[in-house]
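First the structure, in the form of structure tokens, and then the observations on it.
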Amino acid sequence: MDIIIDQEVAYLAFTFVAAPDLARCTCVSSRWKEATTSTVLWGRLLRNEFRLTDIVGTDGSPVAGAREAYAHWHSWRASLDCAESVMIDAALRIRMGRSWEALRAFFARNLPAVASSLRPAVTPAHWSGLSCALRSRPSGPPLGTTLPGMVALRLLLEQCDGQEAPPPGRPWTGCIGGYGAYDHVVCVGLHSSDSIRLWTKRLAQGVEHLDDELGPFLVPIAQNYFSVDKIFFLHLVTGDVYYLNSSNRASPFALAHPPVTVPGSGLVLWLETLAARVRDGTYVASEIVTGNPATLGLCLFPQRPIGRPPGERGGGSFTIAVTRGIEVRSSCQFVPEQGQWTYSIHIRILLEGGPGALSVADRGFDTCQLLDRHWHIVPADGGDGEHVRGRGVVGQFPLLRDGGHRADVQNGHDIPDALVEGAWAAGAFVYQSCSGPTAPGAIFGGEFTFIPGTLRNPTGKPFDVEVAPFTLSIPDFIF
């Protein structure tokens, strides 16, 4: 016999019933089944237990109803083997999944060597071993400490258990990206669960020595393949990502992303932003060491404006200027391991028909060659700043023509007699250099002096090509 109960009263009563008992109530009677399968009730459980407002499955796609959605999420949470899983924010899991979907798609299209290095999801055995090791290490958090960052780590490793170690001679597969200038090269790869255990043990004493407050809660999750000068850490309590700020002895660890309010969301935001930047073309597949095709990887010199927009005192980390059909693209990258900036300069003649391009007749030359550089460096507090002048760029005197360039090299003091002609190459001439010790907020700008024709056989008067000012700022996100 059905138990007669007013529908509104039933809904009110069932709001106090936990999900397992609510499922059992569906077997009592047809009226109870109708009441307990209400989207309102199961939607409440989704909000309360998973902070989820949309009726979606664990991959973020819509499902038939709130009860089905709850079943998906409940089953997933049970599989986590993580004491803090009751604190899970389902939106973080969806965001992490979508970020990795974008990253894997980018690497599959552009950097297959990186794509093949990405490991599948962590196995339950590896996760259990890592979890026990992080919770029980002598110098780690006190026993019983709640660690929301463990959920963030689990969300990461269930998408990708880090990367395989790069093969000998090919340390360019780091999925976090890299950059280079002179003899300093960085390419950051993601640690696997086994590597996290190993490097946590190796670095524990040194990390705590640098900061006895943060140190016990930090575990390494990513690292430069070339050395230990650039390391990213996950904070096990907050879920934030820190980087080793080795150039700053007073503050050896710094946040790699803006502050967040949702515990555990820092790591998700960090990877989400990286995914967004590869998706929109801010970071591209390019040679990390200019002129060496074997170093193809995810290059962190931005190819689109990021950070603050151009303001009164200069541009952001990426600028473009065009003079007489010659384009100069400038981008800079903060190098925390050295406490300075490295910048990348692309110089090319724009092909006729494109924006800013000129015909040979209009620009007045078929070829032109760089002779001098002039930098005007204005400090953050203003003033006249410093003027730096010199011949060529990094010992080279690029000769430009439509569609390509030739990198002539200086071999002696007498220019142009001391030039050694390079080989013609397609595309822009690219070089990297460093700012040297400079306070944040300084502005770099200036011009390159070009000679129509060649330095040995000029066909016209020298002219200056603008380098639009770019700002040496510490960005909100560090990769």
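Give me the base-10 log of I(q)/I(0) for the range 110-169 at each q in 0.13, 0.19, 0.27, 0.30 Å⁻¹, Debye formula, one uniform scatterer per Cα, rounded to two decimals. After summing over all Cα pairs, the log10 values are -0.46, -0.79, -1.13, -1.23. If you average 1/r across every pair of different Cα atoms in the range 347-396 and take the reciprocal, what Kirkwood value do you get, in Å? After inverting the pairwise mean of 1/r, the radius is 13.9 Å. W42 contributes about 10 Å² of solvent-accessible surface, heavy atoms of the protein only, 1.4 Å probe. Picking from T123, L218, L267, whose Cα lies most toward the positive end of the charge dipole for the chain (charges on Cβ: Lys, Arg +1; Asp, Glu -1)? About the Cα centre, the residue reaching furthest to the positive side is T123. Couplings 3J(HN,Hα) for the range 218-225, derived from phi with the Karplus relation 6.51 cos²θ - 1.76 cosθ + 1.60 (θ = phi - 60°), are 9, 10, x, 10, 8, 7, 4, 5 Hz, where x marks Gly and Pro. Between amide H atoms placed 1.01 Å from N, distances below 5 Å from Y431 occur with I345, all of them 5 or more places distant or on a separate chain. The label point for A294 and the one for C132, both projected 7 Å from the Cα toward the Cβ, are 4.3 nm apart. One chain, two ends: D54 and S139. Fully extended at 0.36 nm per residue, the span grows by 26.5 nm beyond their Cα-Cα distance. The H on the amide N of D372, modeled in the peptide plane, is under 5 Å from the matching H of G392, T449, each at least 5 residues off or on a different chain. Normalised Debye scattering of the chain at q = 0.12 Å⁻¹ gives log10 I(q)/I(0) of -1.06, counting only Cα atoms as equal scatterers and leaving out solvent. Projecting label points 7 angstrom from Cα along Cα→Cβ for R202 and A71 puts them 4.7 nm apart. The helix-based estimate of mean residue ellipticity at 222 nm for the chain, built from -39,500 (n - 2.57) per DSSP H run of four or more residues and divided by its residue count, is -8500 deg cm²/dmol to the nearest 500. Label separation (F477 vs W424): 4.0 nm, computed from points 7 Å beyond Cα along the C-beta direction. Taking θ as phi - 60° and the Karplus parameters 6.51, -1.76 and 1.60, the scalar couplings of the range 167-172 work out to x, x, x, 10, x, 10 Hz in sequence order, x denoting glycine and proline. Put simply, when 244-253, 376-385 are sorted by average Cβ atoms within 10 angstrom per residue, most first, you get 244-253, 376-385. Of all stretches in the chain that contain no GluC sites (Glu not before Pro) in a DSSP loop with at most 14 other Cβ atoms within 10 Å, the longest one is 1-163.
Each listed q (0.21, 0.32 Å⁻¹) maps to a log10 I(q)/I(0) for the range 373-417, found by the Debye formula over equal Cα scatterers with no solvent: -0.77, -1.13. Helix 193-210 and the longest principal axis of the C-alpha atoms of the chain enclose an angle of approximately 70°.
Given a 1.4 Å probe and heavy atoms of the protein chains only, how would you sort Y225, Y70, largest accessible area at the top?
Working: Y225 65, Y70 15 Å².
Descending order: Y225, Y70.
Carbon and sulfur atoms: what percent of the 1.4 Å accessible area of the range 304-399 do they account for?
Details: 2150 of 4340 Å².
Accessible surface attributable to carbon and sulfur in the range 304-399 totals 50 percent.
The values are calculated or read from the model by the stated rules, or taken from the named source; none is laboratory data. Everything numeric here is computed off the predicted structure, so don't read it as measured data. Cβ: placed from backbone, ideal geometry, glycine included. Neighbour counts: every protein chain shown. Heads up: the accessible areas ignore ligands, DNA and RNA and are worked out on the full protein's heavy atoms, side chains in. Shrake-Rupley method; radii C 1.70, N 1.55, O 1.52, S 1.80 Å.
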